[in-house]
Amino acid sequence: MKIVVLTGSPHHPGTSEQLADAFVKGASAAGNEVYRFDAGRRVNEFSMIKLADNHLGQEMAIEPSDIITKEVMPKLLDADMVVLVSSLYYYGINAALKAVIDRFYNYNHKLHGNKKAVTLVSGYGQEDAFASLNLYFDQLLNYMRWDKVGSVLAADSWNEQKLAKHVEEAYDLGKSIR
């Protein structure tokens with residue numbers, strides 16, 4: 001199976017990065033082809049927004065030759081599965097990951113349907129603090145008509161022992177994908 005893993009956090013080694021690492025390791029061990037894009041660490045390689053030089057505040061078209069257009073989108077279009085990875089940022093996802101997801105818009109008709117999806121989420125707080133983030137992912141996957149086949153919620157990732165269990169859970173989830 002061709003899998004695209006999209007992460008957003010710039011923190012290294014962060015908790016969501018550990019979940020992504022484990023999932024990728026498990027999925028690769030199961031014989032899947034995995035492509036990973038760490039948006040949070042590569043934000044200088046793609047446009048979040050482009051402003052006109054002579055009309056401050058006026059949006060222009062996104063740069064057509066950035067890494068999202070040249071590398072990420074072709075992989076996404078060809079993928080059987082998309083894995084979305086984020087830490088909790090003020091009840092939502094990371095801005096770098098959101099910027100990549102926003103770029104789906106020009107490819108909606110090609111991306112809709114026929115994909116499986118997994119979400120990997122980490123953060124500090126009670127599970128209800130993650131409600132809006134999980135709702136966002138659920139709504140996005142519903143809109144894209146992608147079938148959610150698994151998720152890991154590490155709401156207690158501040159605790160190293162509990163995080164280790166979630167990392168193992170992410171590995172097992174990746175290993176189960178065939």
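In this structure the amide hydrogen of Lys115, modeled in the peptide plane, comes within under 5 Å of the amide hydrogens of Asp147, none closer than 5 places in sequence on its chain.
The orientation-averaged shadow of the Cα convex hull for the chain, equal to a quarter of the hull surface, comes to 10.2 nm². The label-point distance for Tyr90 and Glu33, in a model that sets each label 7 Å from Cα toward Cβ, rounds to 4.0 nm. When both bridge partners sit in the chain, DSSP labels roughly 10% of those beta bridges antiparallel. A Gaussian network model of the chain, with springs between Cα atoms under 10 Å, assigns the largest mean-square fluctuation among Ile68, Ile101, Ile93 to Ile101. If you build a Gaussian network model of the chain, linking Cα atoms that sit under 10 Å apart, which residue out of Leu135, Leu163, Leu77 swings the most? Looking only at Leu135, Leu163, Leu77, the biggest GNM fluctuation is shown by Leu135.
Exceedance of the 26 Å cut-off in Cα-Cα distance is limited, within the set Lys2/Lys110; Lys70/Lys175; Lys75/Lys162; Lys75/Lys165; Lys115/Lys162, to Lys70/Lys175; Lys75/Lys162; Lys75/Lys165; Lys115/Lys162. Note on Tyr105 and Asp78: their simple-model spin labels are 2.7 nm apart, each label 7 Å out from Cα toward Cβ.
In order along the range 25-34, the phi-based Karplus estimate (6.51 cos²θ - 1.76 cosθ + 1.60, θ = phi - 60°) of 3J(HN,Hα) comes to 4, x, 5, 5, 4, 7, x, 7, 8, 10 Hz; Gly and Pro are listed as x.
Placing pseudo-labels 7 Å out from each Cα toward the beta carbon at Asp138 and Met1 gives an inter-label distance of 2.2 nm.
Any read-out appearing in this document is the output of simple, stated calculations on the displayed coordinates, not a laboratory observation. All values reported here derive from a predicted model rather than from experimental measurement. Glycine gets a Cβ as well: all are built from the backbone with ideal geometry, and neighbour counts include every protein chain shown.
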